[in-house]
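The values are calculated or read from the model by the stated rules, or taken from the named source; none is laboratory data. Keep in mind that this is a model prediction, so the values were computed, not measured. Heads up, the Cβs are rebuilt from the backbone with ideal geometry, glycines too, and the neighbour counts pull from every protein chain shown.
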Amino acid sequence: MNGLRRLAARFRGPGAWRAWTGLSLLLLLAAYVGYILARNGAPEMDLRALLARITPGDVALVALIYGLTLVIAVLAWGLIIGSLSGYWGWMEHARIYTFTSLTRRLPGPGTFWHTLGRVVLYERLGVPRGLTAVAGGLEFVALVLGGVLVALITWPLVFGGQGLSPVLLLIPLLACAVLLNPPLVRALIRRVGRAAGTPPVRYRQLMLWVGIFALIWCVGGLLLFVLVRAVAPIPLSLLPAIIGVWATAGVASTLFFSFLPFGLGATEVTLTALLSQFVAPGEAFFIALALRVILTFCELGYGLLGGLLYLPDLIAHRGPFAPPPEPEARQEAEKPEEVYGPAPGIAPK
């Protein structure tokens, strides 16, 4: 009941436009998927035949690629939280990241439990709550910016077929230049990261994080390509387009559909609509569903592994590392270009 009230509250107040926009897009995409299925005669899907196309080797390769994305994501998260807190226990970063990923499957808003889990576990290691929360905000910004970059660069392939026009390439490159200009990025980070005790973040640091998340989106697109190719024989030349499909669907789900519990099929509807340009609509729908199932098991599997690694410390009620050392004071001459710093007039905790 509380979950329903929380969901209904998202459609009221100043930020309700986001929820209504996301819901409208989801309904439009669902209508489009229904249209293309009806236009093609709503082909019957032989689930047994489609499932037979996916071999255990394909599933193992998808799980392996997911593990690679997880390693890169842990690297990105460790760089962010380490830069803010001075804590560089990489094994602990990996354990907390994988363990808290399980909370995304809890009832209610998964992001809330995910963030709360990180805050609690890092606080046991001496990292202030505010720093962990700000690090999560920076991670979200870098994740979205990285996905938008990949989507912009590949959108001529996603929406314009396999042909490449110099004009179509020029537009996304100009959009990327506008998106990554320092004043706009600084404004974004000030909105997310202005908190007492938050150390300054350099522009080039943020660009490094964005680049790592862009790589994660590309590797995720490779994962989708492996599954698509297992179901439908598509050429290797379509890999960049499939990467664009993955990034576009992921960013759309993150920005517009995140208010829905578990996405409620938003990602699957978006993937079906975009993949229908490259494979049969019925196959696209099956691929989207199969991907959700496989990724859920991968997420649970790696999350349980992280939980097992963390179990001894949870039982002992302690963290294996000492609290992080205080960041060394920088000399004035060595201070880098800052994107944001502590709010003026507020003493760090």
Test Leu23 against the stated conditions and say whether it is surrounded by 15 or more Cβ atoms within 10 Å (Cβ to Cβ), modelled with pLDDT under 85 and not basic (Lys, Arg). yes
From the residues in segment 149-180 that are surrounded by 12 or more Cβ atoms within 10 Å (Cβ to Cβ) and of a type in the set (S, T, N, Q), which one is modelled with the lowest pLDDT? Gln162
Could you tell me how many of the residues in segment 222-258 are within 15 Å of Ala284 (Cβ to Cβ) and outside any helix (DSSP H, G or I)? 3
Looking at Ile216, Ile234, which one is at pLDDT 90 or above, under 19 Å from Gly136 (Cβ atoms) and not polar (S, T, N, Q)? Ile216
Residues (aromatic (Phe, Trp, Tyr) and either surrounded by fewer than 18 Cβ atoms within 10 Å (Cβ to Cβ) or free of Cβ contacts under 8 Å to residues at least 60 places away in the same chain (or both)) located in segment 203-236: Tyr203, Phe225
Positions within segment 79-96 being farther than 14 Å from Leu125 by Cα and not hydrophobic (A, V, I, L, M, F, W, C), in sequence order: Ser83
Being in a helix (DSSP H, G or I), buried (at least 18 other Cβ atoms within 10 Å of the Cβ) and at pLDDT 70 or above, is that true of even one residue in segment 189-196? no
Which condition number in (1) at pLDDT 85 or above; (2) within 20 Å of Leu61 (Cα to Cα) is the one that Leu305 fails? (1)
Within segment 26-71, restricting attention to residues that are surrounded by fewer than 11 Cβ atoms within 10 Å (Cβ to Cβ) and not in a helix (DSSP H, G or I), which residue is modelled with the highest pLDDT? Thr55
Scan segment 269-287 and tell me whether some residue there is farther than 16 Å from Tyr32 by Cα, touching a Gly at 6+ places or on another chain (Cβ under 7 Å) and modelled with pLDDT of 85 or more. no
Can you spot a residue in segment 134-148 that is in a helix (DSSP H, G or I), surrounded by fewer than 20 Cβ atoms within 10 Å (Cβ to Cβ) and of a type in the set (Phe, Trp, Tyr)? yes
